[in-house]
Amino acid sequence: MNIYAILKKDNKIKKISITQKLQEGLTSYMENFIDKFFKLEFIEFSVEYKPEENQVLYIENFQNPYTDFNPTSIEILQKDEIRDIKTIFFDYEDKISYQCFDSRKIIEPSKWLLIYSKNTFCKFEKAGLIIDSKIDALYQKEGKKLSFPSYHNASKIFSNLNNYYREATDDEINDFFKKNNKIQIDKSFDISILNSRMRKKLHLIINNKIIDKIYSNTKNFDNAKNYAKNFELETMFDEDNKKIIFPSEKENLENLLKFLNDDFFQSPITKSKYETNSKRKINEKTN
């Protein structure tokens, strides 16, 4: 098992040099966590689903930016570079496991770290690293499969994960409104009212072709309007012109975006109304 550090500056990779004895112990240590990791339930990644404690999300054919390097010629991590570490990863056989790294995992002589020895404590005087007891992301080289229990932590390691859950740009939004003849926007509509959360909702609506699905057959628009009545949003569906009206008032617009993104639902049993921030299709492939 080889150990590497990814530095904050330019994402440069450095090798962490360790003794043979430490390598053997660390390999056994990480094997244990990898075994536990594979006992969890694997669920195909959805930006709108927050996994439970016994679940991890996965993406196949993920483009890992940290695999294109030559292990034999890579530079060794130096003591003065420890504070620049953002990630530690362990390359073992066909798997690479990643841990997020921050200042709490740095052992510095300036800190009063007390070591117990021979019935007394003494100050630890050397610099060091703390290896965590968890895996923030696991990459399987075969199939290029990336798995992670937390999108938030994994995105700290892989910046390209943000491509899966990003905000709609001004150009994308303007193009969406301009080219879609099924949408009507208020004359006073100002794109500046869209906050980050609303832009993310819009990106999902655009990417998932929600408007096209509403107009895929003659009944879908009427069904959407009727269901919108449960949430007092029916006025945003123009029945005469068969258009969806995007309001200029921020709260109403945000509620419409949530509705179009399937974040509102009503229980058929209790008739209670709910808003959700975590969901996935029950027919999604799991393994």
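The values are calculated or read from the model by the stated rules, or taken from the named source; none is laboratory data. The structure presented is a predicted model; accordingly, all values stated were derived computationally and were not measured. All Cβ positions, glycine included, derive from the backbone under ideal geometry; neighbour counts span all protein chains shown. Heads up: the accessible areas ignore ligands, DNA and RNA and are worked out on the full protein's heavy atoms, side chains in. Shrake-Rupley method; radii C 1.70, N 1.55, O 1.52, S 1.80 Å.
To the nearest 10 degrees, how steeply does helix 250-260 sit against the main Cα axis of the chain, on a 0 to 90 scale?
80
Just the accessible area for Lys281, please: 1.4 Å probe, Å², rounded to the nearest 10?
The value for Lys281 is about 130 Å².
Alpha carbon centre of the range 1-64 versus the range 206-221: separation in Å?
Result: 40 Å between the Cα centres.
What accessible area per residue comes out for the chain, rounded to a whole number of Å², with a 1.4 Å probe?
Solvent-accessible surface per residue comes out at 61 Å².
Past the 24 Å Cα-Cα mark, which pairs from Lys39/Lys141; Lys14/Lys95; Lys39/Lys95; Lys144/Lys200; Lys12/Lys50?
Correct reply: Lys144/Lys200; Lys12/Lys50.
Looking at the range 49-126, what % of its DSSP beta bridges pair antiparallel, to the nearest 5?
100
Can you list which of the trypsin sites (Lys or Arg not before Pro) found in the range 196-233 are DSSP loop residues with at most 16 other C-beta atoms within 10 Å?
The qualifying sites are Lys209.
What FRET efficiency comes out for Thr67 versus Ile115 if R0 is 41 angstrom and r is the Cβ-Cβ distance? Round to the nearest 0.05.
0.65
In the range 20-68, which chymotrypsin sites (Phe, Trp or Tyr not before Pro) are in a loop and have at most 16 other Cβ atoms within 10 Å, using DSSP for the loop call?
Those satisfying the criteria are Phe38.
For the range 49-123, calculate the relative contact order in percent as a whole number, restricting contacts to Cα pairs under 8 Å that are 6 or more residues apart.
Relative contact order, the range 49-123: 15 percent.
Tell me what the chain gives for mean residue ellipticity at 222 nm when only DSSP H runs of n ≥ 4 count, each as -39,500 (n - 2.57), the sum divided by the residue total, rounded to 500 deg cm²/dmol.
-7500 deg cm²/dmol
For the chain, what % of the accessible area comes from carbon and sulfur atoms, probe 1.4 Å?
47
Between [x] 126; [y] 116; [z] 209, which entry matches volume of the Cα convex hull per residue in Å³ as derived from the coordinates of this structure?
So the structure-derived entry is [z].
Using DSSP to define loop residues, name the GluC sites (Glu not before Pro) in the range 50-147 whose beta-carbon has at most 15 other beta-carbon atoms within 10 Å.
Glu52, Glu53, Glu60, Glu75, Glu93, Glu125, Glu142
Express the relative contact order of the chain as a whole percentage, based on alpha carbon pairs under 8 Å and six or more residues apart in sequence.
For the chain, the relative contact order is 18 percent.
Would you mind calculating the relative contact order of the range 82-191 from Cα pairs under 8 angstrom and at least 6 residues apart, reporting the percent as a whole number?
20
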